[in-house]
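Asker: I have a structure here, written as structure tokens, and I will follow up with some questions on it.
Read-outs throughout are calculated quantities, based only on the coordinates presented, and are distinct from any laboratory measurement. Computed from a predicted model, the values in this text were never measured in an experiment. Quick reminder, even Gly has a Cβ in these numbers, built from the backbone with ideal geometry, and neighbours come from all protein chains shown.
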Protein chains: 4
Amino acid sequence: MTVKVGINGYGTVGKRIADAVSQQDDMEVIGVAKRSPTYEAEMAAEKGYPFYAASDKYMDDFEKKNIPVEGMLEDLLEKADIIVDGTPKKAGYKPIYEKAGVKALWQGGEDHELTGLSFNSMANYDEAYGADYLRVVSCNTTGLLRTLYPLHQKVGIDNCKAVMVRRGADPWDTSRGPINSIDPVLNIPSHHGPDVKSVVPEIDIQTTAVKVPSTIMHLHSVIVELEKEVDTQKVIDIWDETPRIKFFEASQGVKSTAMVMEWAKDRNNLRGDINEIAVWKDAVKVEGSTLYYYQAIHQESDIVPENIDAIRAMCKVEKDNEKSIQMTNDAMGIE
Amino acid sequence: MTVKVGINGYGTVGKRIADAVSQQDDMEVIGVAKRSPTYEAEMAAEKGYPFYAASDKYMDDFEKKNIPVEGMLEDLLEKADIIVDGTPKKAGYKPIYEKAGVKALWQGGEDHELTGLSFNSMANYDEAYGADYLRVVSCNTTGLLRTLYPLHQKVGIDNCKAVMVRRGADPWDTSRGPINSIDPVLNIPSHHGPDVKSVVPEIDIQTTAVKVPSTIMHLHSVIVELEKEVDTQKVIDIWDETPRIKFFEASQGVKSTAMVMEWAKDRNNLRGDINEIAVWKDAVKVEGSTLYYYQAIHQESDIVPENIDAIRAMCKVEKDNEKSIQMTNDAMGIE
Amino acid sequence: MTVKVGINGYGTVGKRIADAVSQQDDMEVIGVAKRSPTYEAEMAAEKGYPFYAASDKYMDDFEKKNIPVEGMLEDLLEKADIIVDGTPKKAGYKPIYEKAGVKALWQGGEDHELTGLSFNSMANYDEAYGADYLRVVSCNTTGLLRTLYPLHQKVGIDNCKAVMVRRGADPWDTSRGPINSIDPVLNIPSHHGPDVKSVVPEIDIQTTAVKVPSTIMHLHSVIVELEKEVDTQKVIDIWDETPRIKFFEASQGVKSTAMVMEWAKDRNNLRGDINEIAVWKDAVKVEGSTLYYYQAIHQESDIVPENIDAIRAMCKVEKDNEKSIQMTNDAMGIE
Amino acid sequence: MTVKVGINGYGTVGKRIADAVSQQDDMEVIGVAKRSPTYEAEMAAEKGYPFYAASDKYMDDFEKKNIPVEGMLEDLLEKADIIVDGTPKKAGYKPIYEKAGVKALWQGGEDHELTGLSFNSMANYDEAYGADYLRVVSCNTTGLLRTLYPLHQKVGIDNCKAVMVRRGADPWDTSRGPINSIDPVLNIPSHHGPDVKSVVPEIDIQTTAVKVPSTIMHLHSVIVELEKEVDTQKVIDIWDETPRIKFFEASQGVKSTAMVMEWAKDRNNLRGDINEIAVWKDAVKVEGSTLYYYQAIHQESDIVPENIDAIRAMCKVEKDNEKSIQMTNDAMGIE
């Protein structure tokens, strides 16, 4: 069976998921829906993704730019087995999907309550098996789960504190700041801790966050009280066996988020993305039972492979999360 | 007695300390020494600070710019009761001060070992009384001590974890980056924890640090395990009574380091500095015995009043640290 | 006669003009009006500026913060001889001022058409004498007029091309970007050229503009075809005699907008502002009849002295623009 | 004949040229030389580029990282027909290449005098035919030549003024600033004008430059006095026919350098580069005989295809520059 995937919202997330879907053997992009006739709409057409209009507002413009429109969003919903929603947060399409009787998954901008099921490939794939609706948690929460979940399983976590140093805007988004400021998220602890618990309630975690003038990657400083004393190498070994974690070392010249991005470009990753969570091996350190580490999160792309796994689980294509993860990774070139 | 203060190094720190000294009743600037003929040398002359050349390399330039040179650094050392060293870190002037038999204090760029005595006005003024040499700890360490020391005294600290989100460069320093990156300090825990302990060994603290593309203020996200449960108001009350801490609130429109700086400019603080540690009242929160807070540190100026207190202690002008702190604050307009 | 000045809008511009008015001998601030209860409202009260509410929306908050409210904006209009409008652009208060029968002046965010009279102290003070309404042109246009008008008068300008490299946001404004981008203003030539001509129609000028990730000062690269060949020194001499132009030199260490700001802070200018236009003397160069120069514009404050002069002209306090400029400069410490 | 190309210096430029060479049918990478064992050295090995040590300083590290070293730089020089020098500017390898009797080409960081021949594919390919040494001019100069040379040929240029708004550092270079400043290049006119003339002496051009806090692309604001009046469409038509110029339009959502970069990533260009010069079609405007336009230059990659053409010319593989340009473009996916 080849899953028929429709993408509603063809921006930062939507365009990446479309490409990732088309890299898989067991699913295909049967259409992407978008509101406005930007160059991305033109490129979707060039890439051979059937294009649907998410609104009739810009129909003339599509025509003027020679973007062939296959139909309206509603037509796409009818043909699709599942819809990946990449629209701006709280855009409110759920009733429309429900009416069309199509499965749907959302991104981390939505609240847990929208679907009652928050997803991470490693942690709760089984819960997603056959589900009609779910949300893939945000880039930051996905990043925390990638490194914390295996520690939770294999060592035990007593408590975790993490500070998220967040990029102020995506690279393309020139309207948002700050240009020269550090902005603390004053509502503390921040929402990221509860968000981790929406997937794995057993992990005791509190987070704070600050926004800084950078466009490339969030950086987390994480301190974990483990349930028992282990040595640093043990933690490194656990993460070495965990998919979608990638170690970097200062001796390679990779000392900053900018250098992680350069590495990803040099590796010719699609769009220069890095779907893995970047962890600095030099700075993983256990003292007693206290673990310190930094990780960097590519906000635009770490959740893309989780979306692919979620599609497989929801559409019952694969029962075993490890197999799905492996298939996704192989197809996308993820370590 | 009026203490005769000489300043060696008239840059970011030196110029601020010179102005702060000249605001006090019990000390005076008898001269500033500088190597190069920048506009700051011209301004020193305009402000009436006798100007000494720290090197003979630029003598012609001083003349060309009509900057009257009173003599060489050595001449200044001879006249001074005490020297404030504001030169670049590890500049190595100690033997010269020793030879001249003059008391001297350094800034936080130096190691504790240089003087064996690291200073904070609240925490260890008594140790500095009559001392010949000491260093005032760095801006970040001073900031941590300002908020942690009163908690240590009045509630008790079990452990503290702090993440320093550091500005990449001073506002005037256009050569240093990063422009668009987050750079973790990979040597963890960072040196700030041990630096706090160089003043108050009893405080158990571990820190990490990241560098970001901002020029105005460091921001700390601090999590403290207190020795007992207290309510949030108790912490606020303690800090309300503590000098050199200033609360800000989001409802006033102050939500970022940039807005703290704007407040300081609007208040017509000298150079737009804020000598106080800025704490967001909205984001002080105790859950059980865990305290969360953010504080912002004006890297160029928070250590200035500590330098003034250190002069008073070292030169035995005032025995009581609270009195010195009050005198300094009154003269400088600090809350 | 002491002119009774009311300020409507107490933000970036309004607060500066209030302080500048209160520095003058022949005018006084009889009240400032503001909508929201930010710290700036508190500070206005502390500074002794009678505070008026520009809307009744936040009345409870003013009370809660102990900000004494003298009355509503309408009450202020009744008492004032003239209103300085510092509200956001196109806020639309003109009918209200007209109804109150009070003179009013606006800032450069408004179109020329609002008042039919665009003002610069050097260029057309006489036209403003006794006027009921005018706008002081924008910071960039004011900057261009400061350096171009004396050349127009004393040498003659054949044509001028200027590129405005604009700061992306004001220092306090952390919501606006870009963080890492250069954004050309695609509507070319940009509006700054016509804006110069709204004051001096004889100057032939075309401009383009780009927005960059900086918060401190605009920078102009200007190329002028003069009507005749002169040597570089002649241009320098003309600007030396012109008020509100300040030369900087690389040999002083001032090579960037950041260093100009540092100079202004060191000079203890109010808020660290620089009301003068900063021109790099090293980079003024005439080749044949072509003049090249760079100038930096402090977007928040260069127009403040022009506002003061405009008040004097409109209220017929002083007939001679040179006398008004001198009075303003002396009171404000402008060179 | 397949040209044997060696690359000395495997950083920002070297790694890109290596990949571009290996995309061509008539040349091959026979080795890359590098000093230090960064991840780029590892990647070179993974890509199958024989790796040579440019110095014996890090031999142990290469071994430790399992980077197979084929030999020293000198060994590479012996085998190569031509060396592309991508070392830091003024690294001074010319005598070594001369001694080895190998052809060599340098980048724009070098002075014209090093080789006496400055190269651009469109403008002076014939001069490079069979040459032993040349330099490909800098990214900015290449960008200016791409748009100006066809105007010079087909319309005639009376004079050109261009302001270069330069990125402060490359994306990976986190050590360099400025973070929050605009830095004018005070030596005016800047070196870019003479650099254009080093290739096409007939073009009368003066330039100025400012450095800004961005890492992605330079932006030029260019004003050209044409020899005759033409309409805007004529200029657009000329550039449409010119290789390596790419139009963007605001209506596509591409309004900034950041969006140009996003486009290049979406197009899956290698490393997200854009070898073409980006010109905003909306902002090309002729008034009388005065042409205004903006162009953006990808500093890391626009010179890569010129390097390929230079190799072909120097090694006499192809006599006709248009054919070489076409071959290079086809192989690299350039429009």
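Asker: Hey, any idea what the orientation-averaged projected area of the convex hull of region A:78-118's Cα atoms comes to, in nm²?
Answerer: 2.8 nm²
Asker: Point me to the residue of chain C whose C-beta lies closest to the C-onto-A rotation axis, rounding the distance to whole angstrom.
Answerer: Taking Cβ atoms only, the nearest residue and its distance are C:Gly177, 2.
Asker: Hey, another quick one. Using only the alpha-carbon atoms, what does chain B span along each of its principal axes? Please give whole angstrom values in decreasing order.
Answerer: Extents along the principal axes: 64, 45, 38 Å.
Asker: Starting with the highest mean, order D:316-326, C:84-94 by the number of other Cβ atoms within 10 Å, averaged over the residues of each peptide.
Answerer: Ranked by mean Cβ neighbours within 10 Å, highest first: C:84-94, D:316-326.
Asker: Over chain B, what is the mean sequence separation of C-alpha contacts under 8 Å (at least six apart), divided by residue count, expressed as relative contact order in percent?
Answerer: 17 percent
Asker: Taking R0 as 41 Å, what FRET efficiency do you get between A:Lys197 and A:Gln23 from their Cβ-Cβ distance, rounded to the nearest 0.05?
Answerer: The formula returns an efficiency of 0.80 here.
Asker: Give A:Lys285/B:Lys281; A:Lys197/A:Lys228; A:Lys57/A:Lys103; C:Lys234/C:Lys281 a once-over and call out the pairs whose C-alpha atoms are over 24 Å from each other.
Answerer: Going by Cα-Cα distance, A:Lys285/B:Lys281; A:Lys57/A:Lys103 fall outside the 24 Å limit.
Asker: A follow-up question, please. So for region D:67-208, considering every pair of alpha-carbon atoms, how many percent are separated by more than 23 Å?
Answerer: Looking at region D:67-208, the distances longer than 23 Å represent 47 percent of pairs.
Asker: While we're looking at this one, here's another question. For C:Pro194, place a label point 7 Å from Cα along the Cα-to-Cβ direction in every copy; what are the distances to the other copies, in nm, shortest first?
Answerer: From this label point to the equivalent ones elsewhere in the assembly: 4.1, 5.1, 6.5 nm.
Asker: Compute the convex hull volume of the Cα atoms of region C:139-227, divide it by the residue count, and report the result per residue in Å³ as a whole number.
Answerer: So the per-residue hull volume is 89 Å³.
Asker: Next question, about the same structure. Taking only C-alpha pairs under 8 Å that are 6+ residues apart, what is the relative contact order of region B:139-297 in percent?
Answerer: 28 percent.
Asker: Can I ask one more? Calculate the mean, over all residues of peptide B:160-168, of how many other protein chain Cβ atoms lie within 10 angstrom of the residue's Cβ.
Answerer: 5
Asker: May I pose another question? How far, in nm to one decimal, is D:Asp61 from itself in the other copies if the label point is set 7 angstrom along Cα toward Cβ? Shortest first, please.
Answerer: D:Asp61 label point versus its equivalents elsewhere: 3.4, 5.0, 5.5 nm.
Asker: Which value, in debye to the nearest 20, gives the size of the charge dipole of the protein assembly as shown about its Cα centre, when Lys and Arg are +1 and Asp and Glu are -1 at the Cβ?
Answerer: Roughly 0 debye, rounded to the nearest 20.
Asker: Something else now. Counting each pair of different Cα atoms once, what's the Kirkwood radius of the protein assembly as shown in Å, rounded to one decimal?
Answerer: Taking every pair of different Cα atoms in the protein assembly as shown, averaging 1/r and inverting gives 33.7 Å.
Asker: Which value at 222 nm does chain A reach when only helices count, each DSSP H run of 4 or more adding -39,500 (n - 2.57), with the total divided by all residues and rounded to the nearest 500 deg cm²/dmol?
Answerer: Helix contribution divided over all residues of chain A: -10000 deg cm²/dmol.
Asker: Please report the relative contact order for region B:33-89, taking Cα pairs under 8 Å with a sequence separation of at least 6, and give it as a percent rounded to a whole number.
Answerer: Computed value for region B:33-89: 34 percent relative contact order.
Asker: While we're on this one: Relative to the compact globular guide of 2.2 N^0.38 Å, what is the alpha carbon radius of gyration of region C:139-297, as a ratio?
Answerer: Cα-based Rg divided by the globular estimate yields 1.04.
Asker: Could you give the size of the charge dipole of region A:144-289 about its Cα centre, using +1 on the Cβ of each K and R and -1 on the Cβ of each D and E, expressed in debye and rounded to the nearest 20?
Answerer: Dipole size: approximately 460 debye.
Asker: Under 17 Å Cα-Cα from B:Lys89, which aspartates and glutamates qualify once same-chain neighbours fewer than 8 residues away are excluded?
Answerer: B:Glu110, B:Asp111, B:Glu113, B:Asp170, B:Asp173, B:Asp195, B:Glu300
Asker: Across the residues of C:185-191, average count of Cβ atoms on other protein chains within 10 Å?
Answerer: Counting Cβ atoms of other protein chains within 10 Å of each residue's Cβ and averaging gives 5.
Asker: Can you give the % of DSSP beta bridges in chain B that are antiparallel, to the nearest 5?
Answerer: If I count the DSSP bridges inside chain B, around 40 percent turn out antiparallel.
Asker: Something else now. Placing a label point 7 Å from Cα toward Cβ, how far apart in nm is C:Gly101 from its equivalents in the other copies, listed shortest first to one decimal?
Answerer: 7.5, 8.2, 10.1
Asker: Counting pairs of Cα atoms in region D:217-296, how many percent are more than 19 Å apart?
Answerer: Here the tail beyond 19 Å accounts for 38 percent of pairs.
Asker: Next up: Using the Karplus curve 6.51 cos²θ - 1.76 cosθ + 1.60 with θ = phi - 60°, what ³J(HN,Hα) values do you get for each residue of region D:133-138, in whole Hz, with x for Gly and Pro?
Answerer: Result, ordered by residue: 9, 7, 10, 7, 5, 5 Hz.
Asker: Still on this structure, I have one more. Above 24 angstrom, tally the Cα pairs of region B:1-120 and express them as a % of all pairs, no decimals.
Answerer: Percent of Cα pairs beyond 24 Å in region B:1-120: 22.
Asker: Between B:Glu78 and A:Asp237, how high is the FRET efficiency from 1/(1 + (r/R0)^6) when r is the Cβ-Cβ distance and R₀ = 56 Å? Nearest 0.05.
Answerer: The value I calculate is 0.30.
Asker: Roughly what % of DSSP beta bridges within region D:232-304 run antiparallel, to the nearest 5?
Answerer: The antiparallel proportion sits near 55 percent.
Asker: Of the DSSP beta bridges with both residues in region A:139-297, give the percent that are antiparallel, rounding to the nearest 5.
Answerer: Of all bridge pairs located within region A:139-297, approximately 65 percent are antiparallel.
Asker: Of the peptides C:63-74, A:182-193, C:252-263, how do they stack up when ordered by the mean number of other Cβ atoms within 10 Å, highest first?
Answerer: Final packing ranking: C:252-263, A:182-193, C:63-74.
Asker: Report, largest value first, the span of the C-alpha coordinates of region A:263-316 along each principal axis, in whole Å.
Answerer: Cα extents, longest axis first: 45, 32, 15 Å.
Asker: Here's another thing I want to ask about it. What is the mean number of Cβ atoms from other protein chains located within 10 Å of the Cβ atom of each residue in peptide B:293-299, rounded to a whole number?
Answerer: Counting other chains' Cβ atoms within 10 Å and averaging over B:293-299 gives 2.
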